[in-house]
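Here the structure comes first, spelled out in structure tokens, and everything after it is commentary.
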Amino acid sequence: QVQLVESGGGLVQPGGSLRLSCAASGSGFSIDAMGWYRQAPGKQREQVAIITTGGTINYADSVKGRFTIDRGNAKNTVDLQLNSLKPEDTAVYLCYADARSQYTFLHRTYWGQGTQVTVSS
């Protein structure tokens with residue numbers, strides 16, 4: 001079982017910046033990828049940025065050049081730097097992990113509870 005705990009988020013003016021962090025904990029697993037999705041009211045959940053353990057990174061087109069994902073300093077952590085924020089970035093941001101059981105070798109997706117990012121003047 002993997003638990004994901006997010007931190008960061010909040011209210012920021014357009015053009016501002018925020019930093020989100022996520023830490024995975026638990027035992028008997030290895031992380032193959034971590035990242036962030038977001039869900040705005042009335043909209044589908046969308047992928048924001050994903051980083052694999054091999055270092056491959058994917059960004060949504062809407063955030064390229066503004067958001068940066070990187071592995072945190074601690075093991076099984078991931079950070080998302082959000083710059084040049086726009087009102088349309090307002091959403092609940094959810095941490096995501098693709099983890100593989102060390103016993104069954106099966107993959108499973110895990111989600112954090114989400115952290116609210118609001119961009120408004």
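Details
- Here residue 93 fulfils each of the conditions (1) touching a residue at least 60 places away in the same chain (Cβ under 8 Å); (2) in contact with an Asp or Glu (Cβ under 6 Å, 6 or more places away or on another chain); (3) not aliphatic (A, V, I, L, M) apart from (2).
- Residue that is touching a residue at least 12 places away in the same chain (Cβ under 8 Å) and aromatic (Phe, Trp, Tyr), where the choices are 59, 103: 103
- In this structure, residue 62 does not qualify as surrounded by 13 or more Cβ atoms within 10 Å (Cβ to Cβ), touching a Lys or Arg at 6+ places or on another chain (Cβ under 8 Å) and hydroxyl-bearing (Ser, Thr, Tyr).
Yes/no per residue for (1) farther than 20 Å from residue 97 by Cα; (2) open to solvent by 60 Å² or more (accessible area, probe 1.4 Å); (3) without any contact (Cβ under 8 Å) to a residue 60 or more places away in the chain:
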position: 11; (1), (2), (3): yes, yes, no
position: 23; (1), (2), (3): no, no, yes
position: 28; (1), (2), (3): no, no, no
position: 33; (1), (2), (3): no, no, no
position: 36; (1), (2), (3): no, no, no
position: 45; (1), (2), (3): no, yes, yes
position: 48; (1), (2), (3): no, no, yes
position: 52; (1), (2), (3): no, no, yes
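- Within the stretch 65-89, if we keep just the residues that are among the charged types (D, E, K, R) and open to solvent by 60 Å² or more (accessible area, probe 1.4 Å), the residue that is nearest to the chain's Cα centre (by Cα) turns out to be 71.
The values are calculated or read from the model by the stated rules, or taken from the named source; none is laboratory data. These numbers were taken from a predicted model, which means no experiment stands behind them. Note that each Cβ is placed from the backbone with ideal geometry, even for glycine, and that neighbours are counted across all protein chains shown. The area values use the complete protein model at the heavy-atom level, side chains included, leaving out ligands, DNA and RNA. Shrake-Rupley method; radii C 1.70, N 1.55, O 1.52, S 1.80 Å.
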